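Notes to accompany the following structure.
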Amino acid sequence: MSAPDGFSFENAGGIWHVVAPLPAKDVEGHLPGFEDLVRAAREAKSRAYAPYSRFQVGAAVVMNGSMFMGANVENASYGATLCAERNAIASAVAAGHRRLEVVVVSTSVPSGTGIEQRSPCGICRQVIGEFGSPDTLVLLDAGDTEDGRIQGEVIAFESLLPWRFRLG
Ligand code: THU
């Protein structure tokens, strides 16, 4: 797996590479649910509608403790395409939630693919910032290890989009 410098957590179900500047204590409390969230993002990915790019994306978000899923939904008018992350966030917001705690992204690239092809796009980062906080966790699915464990990166949202645009 290619990822920036940091440290790793390992357990029976997964290996998580934590990208600085996240302190361990901010990640540990969430760790037990990480693999389930990745499984949900992968399930959503299996329902992606991506006949044009053939690049399937699934997302799972935790907002106010509840999980919501989304997949990318493309359109013949390419600009009308909806990303997985924003679909998941929109579902959660429409259900009444406002505090974004965790975002998980799973794309259809093979294990070992670079982090850039598994990261949220710029528009999705701006939308994550609308409901998230600097320490909102962004998890990137990096596929399975040879022994069948889920692996991925954990990134503090702040390092994905510092100085995001705000009104007021
Ligand atoms: N896509 C997402 O769903 N999320 C992202 O963060 C990056 C891109 C989708 C949009 C389009 O359907 C396909 O991936 C290729 O860009």
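If I filter the range 117-133 for residues that are among the β-branched types (Val, Ile, Thr), touching a Cys at 6+ places or on another chain (Cβ under 8 Å) and farther than 22 Å from SER66 by Cβ, do I get at least one hit?
Yes: the range 117-133 contains one or more residues that are among the β-branched types (Val, Ile, Thr), touching a Cys at 6+ places or on another chain (Cβ under 8 Å) and farther than 22 Å from SER66 by Cβ.
Considering the range 157-168, and only residues there that are of a type in the set (A, V, I, L, M) and touching a helix residue (DSSP H, G or I) at 6+ places or on another chain (Cβ under 8 Å), the residue that is surrounded by the most Cβ atoms within 10 Å (Cβ to Cβ) turns out to be LEU160.
Applying the selection to the range 87-121, what residues are charged (D, E, K, R) and either over 23 Å from GLU158 (Cα atoms) or in contact (Cβ under 8 Å) with a residue 12 or more places away in the chain (or both)? Hits for the range 87-121 are ARG98, ARG99, GLU101, ARG118.
Restrict the check to the range 67-86 and report whether at least one residue is touching an Asp or Glu at 6+ places or on another chain (Cβ under 9 Å), within 21 Å of GLY14 (Cα to Cα) and not basic (Lys, Arg). Yes, that holds for at least one residue. Can ILE128 be described as under 12 Å from the mean Cα position of the chain (by Cα) and among the β-branched types (Val, Ile, Thr)? Yes: the conditions hold for ILE128. Considering the range 1-116, the qualifying helices (runs of 4 or more DSSP H), each wholly inside and each with 3 or more residues that are among the charged types (D, E, K, R) and either more than 14 Å from the ligand (Cβ to nearest atom) or open to solvent by 40 Å² or more (accessible area, probe 1.4 Å) (or both), run over 24-28, 34-45.
Based on what the data block shows, is ALA84 within 17 Å of ALA40 (Cβ to Cβ) and touching a residue at least 12 places away in the same chain (Cβ under 8 Å)? Against the criterion (within 17 Å of ALA40 (Cβ to Cβ) and touching a residue at least 12 places away in the same chain (Cβ under 8 Å)), ALA84 qualifies.
Quick check on the range 147-155. Is at least one of its residues open to solvent by 40 Å² or more (accessible area, probe 1.4 Å), closer than 21 Å to GLU43 by Cβ, basic (Lys, Arg) and more than 10 Å from the ligand (Cβ to nearest atom)? Yes, the range 147-155 has at least one match. Taking each residue of the range 148-159 that is among the basic types (Lys, Arg) and looking for partners that are assigned to a helix (DSSP H, G or I) with beta-carbon atoms closer than 9 Å, six or more apart or interchain, yields ARG149/GLU35. Residues that are crowded, with 17+ Cβ neighbours inside 10 Å and closer than 16 Å to GLU43 by Cβ do not occur anywhere in the range 120-138.
The values are calculated or read from the model by the stated rules, or taken from the named source; none is laboratory data. All values reported here derive from a predicted model rather than from experimental measurement. Here Cβ is always computed from backbone atoms with ideal geometry, including for glycine, and neighbour counts include all displayed protein chains. Heavy atoms of the whole protein, side chains included, go into the accessibility calculation; ligands, DNA and RNA do not. Shrake-Rupley method; radii C 1.70, N 1.55, O 1.52, S 1.80 Å.
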